[in-house]
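Undergrad: Please find one structure pasted underneath; my questions will follow.
The values are calculated or read from the model by the stated rules, or taken from the named source; none is laboratory data. For clarity, every value in this text was computed on a predicted model and none was experimentally measured. Neighbour counts run over all protein chains shown; Cβ positions are idealised from the backbone, glycine included. Each accessible area value is taken on the protein alone, full model and side chains, heavy atoms only, with ligands, DNA and RNA left out. Shrake-Rupley method; radii C 1.70, N 1.55, O 1.52, S 1.80 Å.
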Amino acid sequence: MEKKKVFISTSTFAKFSDEPLRILEGSGFEHILNPTGRKVTEDELAKLAEGCVGLVAGTEKISGEVMDKLCDLKVISRCGVGMDSVDLEAAKKKGIEVVNTPDAPTLAVAELTIGLILNLLRKISSMDKELKYGVWNKKMGNLLLNKKVGIVGFGRIGRKVAEMLMQFGCAIAYHDSFVENNDMGAEKMMLNDLMKWADIISIHISESKEMIGKKEIELMKEGSWIVNTSRGGVVNEDALYDALQSKHLSGAALDVFWKEPYAGFLKELDNVILTPHIGSYAKEARINMEIESVKNLISKLEE
């Protein structure tokens, strides 16, 4: 009997462990890996996934038009948290199940966030760059102790970041329309109030919609910091550039951008840290996420 096929669109899948592939094979599925080494286009996806019953998806756009061409597709399993790249309404109409891996990347993204915050406050990257150019310049930094940190988005990752920051002696408050109560003692605030209150804003929402623009940034304290490891487009990059250039904000760290790969004006500034969307890029977390995405796929296909 011919094996059912699964296309895996993420470009680095199984790079650190072949266990996810062995799980697929052990359940009787044939896998097809992304041959491009990058994010696939919609046309490429439609061609490469032709005849597949399952899709282990990255962050590429999966539109209703693509689904129309994939007549055998039954399940889309996102290797990651965000679902905004998938046309969920079209999938529902076509009876295609869509699942994700909300737990696997939590610790990796949270640890990156803490690292970026510490880097910003102690100006590590800035001095590293200068020293490599022969400049011995001791810059005064700040302690994380007693800082007020506003968490925008208090889901799994936001809560984990809050939990870690409490160990540094930080005061925590949050804004999240879907979370009323918490067992951490963190105060819930309206977004504008949070922006005014916090020394550091850390963003952890799951939708790519602008939430922090010129008005919200102007509400932030003089000399405060902002970190976004969630979704590109949440922070208006033009407004952020102006606030960093004018030194209204002491610094910012971004792992996500409105358009990726990023090539914008923020690269010109020395008070911003930019990373290429690596939130989940810790080996252990990546392996767990890939295993979870495969198990989710198999579970839905075998229902």
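Undergrad: Quick one: if the Förster radius is 51 Å, what FRET efficiency do Asp68 and Lys247 give, using the C-beta to C-beta distance and rounding to 0.05?
TA: Taking R0 as 51 Å, the efficiency between Asp68 and Lys247 is 0.50.
Undergrad: Among DSSP bridges having both ends in the chain, what percentage is antiparallel? Round to the nearest 5.
TA: 0 percent
Undergrad: How large are Rg and Dmax for region 6-107 when only the alpha carbon atoms are used, in Å?
TA: Calculated on Cα positions, Rg and Dmax stand at 12.9, 37 Å.
Undergrad: Calculate the tail of P(r) for region 82-204: the fraction of all Cα-Cα distances greater than 18 Å, expressed in %.
TA: Summing the P(r) tail past 18 Å for region 82-204 gives 62 percent.
Undergrad: Can you give me the Cα centroid spacing of region 133-210 and region 217-265 in angstrom?
TA: 15 Å
Undergrad: Gain in length, Lys267 to Lys139, computed as 0.36 nm per residue apart minus the alpha-carbon separation, to one decimal in nm?
TA: Answer, rounded to one decimal: 44.0 nm.
Undergrad: In addition: Of the cross-linked pairs Lys132/Lys209; Lys139/Lys160; Lys69/Lys92, which ones have a Cα-Cα span greater than 27 Å in the structure shown?
TA: Among Lys132/Lys209; Lys139/Lys160; Lys69/Lys92, the Cα-Cα distance tops 27 Å for Lys132/Lys209; Lys139/Lys160.
Undergrad: Find the centroid of the Cα atoms in region 46-69 and in region 19-36, then give the distance between the two in whole Å.
TA: Going from one Cα centre to the other spans 16 Å.
Undergrad: Between Glu19 and Lys129, what is the label-to-label distance in nm when each label sits 7 Å out along the Cα-to-Cβ direction?
TA: 3.8 nm
Undergrad: Under 19 Å between alpha carbons, and skipping anything fewer than 8 positions from Lys93 in its own chain: which aspartates and glutamates qualify?
TA: The qualifying aspartates and glutamates are Glu65, Asp68, Asp72, Asp84, Glu303.
Undergrad: Please report, as a whole percent, how much of the solvent-accessible surface of region 125-221 comes from carbon and sulfur atoms (probe radius 1.4 Å).
TA: It is 53 percent, rounded to a whole number.
Undergrad: Placing +1 at every Lys and Arg Cβ and -1 at every Asp and Glu Cβ, with all other atoms neutral, what dipole size does the chain have around its Cα centre, in debye to the nearest 20?
TA: 720 debye
Undergrad: Using the charge dipole of the chain (Lys, Arg: +1 at Cβ; Asp, Glu: -1 at Cβ; taken about the Cα centre), state which of Tyr133, Gly80, Gly28 has its Cα farthest towards the positive end.
TA: Tyr133
Undergrad: Let me ask something else. Kindly provide the helix-only [θ] at 222 nm of the chain, computed as the sum of -39,500 (n - 2.57) over DSSP H runs of four or more divided by all residues, to the nearest 500 deg cm²/dmol?
TA: About -10000 deg cm²/dmol.
Undergrad: A further question on this structure: Using the reciprocal of the averaged 1/r over all distinct C-alpha pairs, how large is the Kirkwood radius of region 163-303 in Å?
TA: Values: mean 1/r = 0.0591 Å⁻¹.
16.9 Å is the Kirkwood radius here.
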